[in-house]
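One structure is given below, encoded as structure tokens.
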Amino acid sequence: MKVLDASVGLVSNPEALQLLHERGCHLGPVGNSLPAEQKTYAALSPFFPVIPTREQVQAFYDAVKPYKLDKASVLQLINLAPTSLVELFLVIPDCESRLTETQQQELLDLTKQHLSR
């Protein structure tokens, strides 16, 4: 296999899960997927009982742009969908110094609105 472009972009867990679902991983061995894909699907699916759509993920990404978070932090927000301030502080480095208390709560509200599980 040859890597054509190594820096195309980041893929979130919901996006990977959606792709694996489209490949038939949810069907098990009768699907059109490889064993490694099935194992990945099995590992990710408990965290996303309802898979967020690409549109929901994009809407969340657009909604958090004003907070000027780095790509890794936004990806972690999408993957982990924090529901408390403690979880938010674990996801965003230097959260306390980078965001006000209001902004922290707004991020949690946006996560709940766009990525609720």
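The values are calculated or read from the model by the stated rules, or taken from the named source; none is laboratory data. Quick caveat: nothing in here was measured; it's all calculated off a predicted structure. Note that each Cβ is placed from the backbone with ideal geometry, even for glycine, and that neighbours are counted across all protein chains shown. With ligands, DNA and RNA removed, areas are computed over all heavy atoms of the protein, side chains included. Shrake-Rupley method; radii C 1.70, N 1.55, O 1.52, S 1.80 Å.
Annotations
- Estimated vicinal HN-Hα couplings, Hz - segment 24-30 in sequence order (Karplus 6.51, -1.76, 1.60; Gly, Pro = x): x, 5, 5, 8, x, x, 7
- Highest to lowest packing among 49-55, 37-43, scored as the average C-beta count within 10 Å: 37-43, 49-55
- Taking every protein chain into account, the 1.4 Å probe leaves Arg23 with about 90 Å² of accessible area, to the nearest ten.
- Solvent-accessible area per residue, Å², over the chain with all protein chains present [probe radius 1.4 Å]: 67 Å²
- Helix-only mean residue ellipticity at 222 nm for the chain, each DSSP H run of n ≥ 4 adding -39500 (n - 2.57), per residue, nearest 500: -16000 deg cm²/dmol
- Straight-line cross-link partners of Lys71 among the aspartates and glutamates, defined as a Cα under 14 Å from its Cα and at least 8 positions apart when in the same chain: Asp62.
- Site pair Lys71 and Ser116 shows an inter-label distance of 3.1 nm when each label is modelled 7 Å from Cα along Cα→Cβ.
- Between segment 99-117 and segment 17-80, the alpha-carbon centres lie 19 Å apart.
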